[in-house]
Each structure stands twice: as structure tokens, then as C-alpha cells.
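Right, one structure below, let's go through it.
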Amino acid sequence: MINDYNDSHEAFVFFQQNVEVDPRAIEAYKAMILQKDYAYLIFQISDNKVIIQEKGDQKASYSAFLTKFRQYVEGKKECRYGLATIKGHKDGELRAELVLISYCVDDAPIRMRMLYSAAFGHLKVAFKEIRNIIITSNGSELTEKNVKRTFHFDD
């Protein structure tokens, strides 16, 4: 168990330096933003790589994404990343926004939370076009209503 600042800082630096984003994850991200091939992507860390765990069909809703995303995390003491499209109306116009999410429940092991926290920086660099980011340990912050409020959508 990590007990003091030096141990936790060293562990954070170790995790940050030793996790990379899998090239297939970057390819899927590009296919999502350029060709609109997917409505969402769910990622996990495995063998020191951020890899794709699931791809959501281009017609999938944010609600479908959230259901799947929560299944991987809640009640399992886990963490995941998600990249999702959320649609809503703003100023009478239908808009689609991409949001990058880091979701780690509070009861996930400390080392896992540190690993996901440290590696999130690599994901943000790899997905540099994404400006909308949510980091949470509370699933209620991810509801469609709450995320739409973040984007100031009218609906």
C-alpha cells in the first residue's frame, strides 16, 4: 500500500512513463472522428497499453454507450475510458459533440486509479482534437441530462 507522498509520486511517474496508447485505439479514434464509423469507443488498460474494449455502432445512442460503459465499471471496482458522441440542440440547431471520459469508481484499487489517472494524459495527447473531457468517480455525472447541460444544449 502507498503510504506517503514519495511512494505515491514515484508510482505515478512509473505508471505515466510505462503506459502507451495502442495504435489500433488511435486508428479507431480517427475512424470515429473522420469517417463517423463509431458512436462510441470504450478503452481499458491491459499489459501497459490503452486498448479498445468495445466499439459502438455509428447509430448507437449516448444512452446505449452509458449502459455499456457503466457495466464495465460499476460494482466491479474498475476504471475505464470512454469516447462518446452526444447529440443535442443548441440555438435551434442539432449538434453532435465528442466527449472523452475517465471513469474510476472510488472503491477501485488505489494502484488502478493511479494507473488510469496517469495514463489519461497519454490518451489526451493521442486524441488531441478532443476538447470536452470529463473525469469522474460518480456515474450520476455521466447521465445524458447532465452531460447535455455541460454543453449547454437546449434539450
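Before moving on, here are some points about what is shown:
- Applying the criterion of being under 23 Å from Ile52 (Cα atoms) and of a type in the set (Val, Ile, Thr) to the residues of the range 120-153, the residue that is surrounded by the most Cβ atoms within 10 Å (Cβ to Cβ) is Val147.
- Residue within the range 145-154 that is hydroxyl-bearing (Ser, Thr, Tyr) and at pLDDT below 95 present: yes
- Filter pass, Ala96 being closer than 16 Å to Ala28 by Cβ, out of contact with any Asp or Glu (no Cβ under 7 Å at 6 or more places or on another chain) and small (Gly, Ala, Ser): no
- Scanning the range 18-53 for residues that are part of a strand (DSSP E or B) and closer than 24 Å to Met114 by Cβ yields a total of 13.
- Selected residue (only one of Ala84, Ala118 is at pLDDT below 95 and under 16 Å from the mean Cα position of the chain (by Cα)): Ala118
- Residue list for the range 65-102, restricted to those being out of contact with any Phe, Trp or Tyr (no Cβ under 6 Å at 6 or more places or on another chain), over 15 Å from Ile52 (Cα atoms) and surrounded by 20 or more Cβ atoms within 10 Å (Cβ to Cβ): Leu66, Thr85, Val99
The values are calculated or read from the model by the stated rules, or taken from the named source; none is laboratory data. Note that the structure is a prediction, hence the values are computed from the model and not measured. Ideal geometry is used to build each Cβ from the backbone, glycine not excepted, and the neighbour counts take in all protein chains shown.
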